[in-house]
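Here the structure comes first, spelled out in structure tokens, and everything after it is commentary.
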Amino acid sequence: MTPTDLSLSGPASKKVPGTPHLQTSVSSAMRISELDGLRGLAILMVITCHYVGNAEHKQLGFWIHHFLSALTAGWSGVDLFFVLSGYLIGGILLDARNSSSYFHAFYMRRVHRILPVYYLWITIYAGLIALGLWVIPGRYAVSTWDFRQVLVQIFFLQNFQSGVPQFQWIWFVVTWSLAVEEQFYLLAPPLIRFVSVRKVVYILSATICLAPLLRFMLFRYWLPGTFASLSWMPCRADGLAWGMLLAIAWREEWFGRFIMDNQQLLKRVVFGLFLGVCGLVWWLAHPPNVVTVTIGYSWLGIFYCVLILLVLSNTGGCVAGVMRWKLLRKLGTISYCVYIIHDAFNQLAHRILLQATPQVYNPKGVAVTLLALLLTLSVASVSWSYFEKPLIRRGHRYQY
């Protein structure tokens, strides 16, 4: 999962009073506050999954333990990031598809947004491995083989590997979704540039239909017992495809008028899909299973797509109002760095301070978890203000 599109305010058609739909190309310098809120919601779900759902809490009793375990389904915030990314990236590319600097501007902006924080995280990892090998040798279970992970991460190949050592897993476990996004960035620009929009719709529709079949075959027959069905880019491409289809549809006048004229129907669809998500929670909160890799991911993709559509088309509604909450938008703004560092901060804080895996069943465990959260948000806020935002502005010098 990954919120790597923070610098993109999104291609979106702005609703103008008195008109059902007005198609406008929105520059990347403009932010849509509701989308920041959706990012905030997505990263909040992921944090809840890792900090609470995945923590040790059996000691709290049967009912509380099972309630907290259900929060593990918060990993689906990654799917919300995928759909958002497909919508934002797809829309930016659609608006700029005839630009003479199409590829150059797109990739230079992506480089300035994604690589600095991510490569700094890799550099810190390499420094810690070197420290464990040559400064305090023998104290930590590291070896020169751990440096191989640096190359894997640099070239965004981590979503194709499994069975990594513990420290590598702690440091990089969440970055598989960054690899999915980067592989998407290699495919989406030429697709939008060189293929007609009609054919793009066919390709995206086929992707949505074939992805669950591919996941099922990998999970059940081809690579059982691995994470291929949940981490390989083709297996998770349907969420991205839903977002791109939404970006295409949102630029069509007839679609905008239909949505504006049928807001009650849209709300009922969103509610029905949400009830479906609730019905899938038992499977979503458990290790990868056949229901999650088939129905689960597909259902989440369409639910988040329709949720984004509701937020965009009904800016005066209660859902969009929640997405404009200041704290949620702030969390969405810093969500990229938060996503990269949050799980490692929590895991290492518990191991260093309590010599244990994350736990929330006693005051000490809760205190360490809150400390890890505070450190994560503080580091991410500083990173955004003094590191990421200036680099994003520099990236925006490359104009379409």
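The values are calculated or read from the model by the stated rules, or taken from the named source; none is laboratory data. Values in this document were obtained by computation on a predicted structure and should not be read as measured data. Every residue, glycine as well, gets a Cβ built from its backbone with ideal geometry; the counts of neighbours run over all protein chains shown.
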Going through (1) over 25 Å from TRP283 (Cβ atoms); (2) buried (at least 21 other Cβ atoms within 10 Å of the Cβ); (3) not small (Gly, Ala, Ser) one by one, PHE103 fails only at (2)
THR226 meets each of (1) in a helix (DSSP H, G or I); (2) in contact (Cβ under 8 Å) with a residue 40 or more places away in the chain with one exception, condition (1)
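Would you call ILE47 in contact (Cβ under 8 Å) with a residue 12 or more places away in the chain, within 19 Å of ARG351 (Cβ to Cβ) and crowded, with 18+ Cβ neighbours inside 10 Å?
In short, yes.
Here are some residues: ALA380, ALA344. Which one is closer than 30 Å to ARG215 by Cα, out of contact with any Leu (no Cβ under 6 Å at 6 or more places or on another chain), hydrophobic (A, V, I, L, M, F, W, C) and crowded, with 20+ Cβ neighbours inside 10 Å?
Working: ALA380 fails: closer than 30 Å to ARG215 by Cα.
Result of the check over ALA380, ALA344: ALA344.
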Per the filter on segment 236-265, residues buried (at least 23 other Cβ atoms within 10 Å of the Cβ) and either without any contact (Cβ under 8 Å) to a residue 40 or more places away in the chain or basic (Lys, Arg) (or both) are ARG236
Of the residues in segment 181-201, those that are of a type outside the set (A, V, I, L, M) and either surrounded by 12 or more Cβ atoms within 10 Å (Cβ to Cβ) or in contact with a Cys (Cβ under 7 Å, 6 or more places away or on another chain) (or both) number 8
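From the list ILE203, ILE208, pick out the single residue that is in contact (Cβ under 8 Å) with a residue 60 or more places away in the chain and on the phi < 0 side of the Ramachandran plot.
ILE208
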The one condition PHE81 fails out of (1) surrounded by fewer than 21 Cβ atoms within 10 Å (Cβ to Cβ); (2) hydrophobic (A, V, I, L, M, F, W, C); (3) out of contact with any Leu (no Cβ under 8 Å at 6 or more places or on another chain) is (1)
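Conditions tested, residue by residue: (1) of a type outside the set (Phe, Trp, Tyr); (2) touching a residue at least 24 places away in the same chain (Cβ under 8 Å); (3) surrounded by fewer than 20 Cβ atoms within 10 Å (Cβ to Cβ).
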residue	(1), (2), (3)
GLY74	yes, yes, no
SER85	yes, yes, no
GLY91	yes, yes, no
ASN98	yes, no, yes
THR123	yes, no, yes
ALA126	yes, yes, yes
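One line per residue, one yes/no per condition, for (1) of a type in the set (Val, Ile, Thr); (2) closer than 24 Å to SER177 by Cβ:
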site	(1), (2)
ILE302	yes, yes
VAL311	yes, yes
VAL322	yes, no
ARG329	no, yes
GLY332	no, yes
ILE341	yes, yes
PRO358	no, yes
VAL368	yes, no
PRO390	no, no
Filter segment 278-301 for residues that are among the β-branched types (Val, Ile, Thr) and surrounded by fewer than 18 Cβ atoms within 10 Å (Cβ to Cβ); the one that is farthest from ARG236 (Cα to Cα) is VAL281
PRO288 meets each of (1) under 30 Å from ARG220 (Cβ atoms); (2) of a type outside the set (Lys, Arg); (3) in a helix (DSSP H, G or I); (4) more than 16 Å from the chain's Cα centre (by Cα) with one exception, condition (3)
Report task. Please indicate, with yes or no, whether at least one residue in segment 114-131 is farther than 23 Å from PHE147 by Cα and either hydrophobic (A, V, I, L, M, F, W, C) or modelled with pLDDT of 95 or more (or both). Result -> no
Residues of segment 383-400 being in a helix (DSSP H, G or I), of a type outside the set (Gly, Ala, Ser) and exposed (fewer than 14 other Cβ atoms within 10 Å of the Cβ), in sequence order, are TYR386, PRO390, ARG393, ARG394
Flagged pairs (Cβ under 7 angstrom, 6 or more apart or on separate chains; first in segment 268-285, within 15 Å of ILE308 (Cα to Cα) and in a helix (DSSP H, G or I); second aliphatic (A, V, I, L, M) and at pLDDT 95 or above) are VAL269/VAL306; VAL270/VAL306; VAL270/LEU307; VAL270/LEU310; LEU273/ILE302; LEU273/VAL306
*asked:* Condition (residue is surrounded by 16 or more Cβ atoms within 10 Å (Cβ to Cβ), of a type in the set (D, E, K, R) and free of Cβ contacts under 8 Å to residues at least 24 places away in the same chain) applied to segment 140-157: is it met by at least one residue?
replied: yes
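Of these, LEU157, LEU178, which one is in contact with a helix residue (DSSP H, G or I) (Cβ under 7 Å, 6 or more places away or on another chain) and under 19 Å from LEU218 (Cβ atoms)? If you could, list the steps in order and put the result at the bottom.
Working: LEU178 fails: under 19 Å from LEU218 (Cβ atoms).
Every option except LEU157 fails the conditions.
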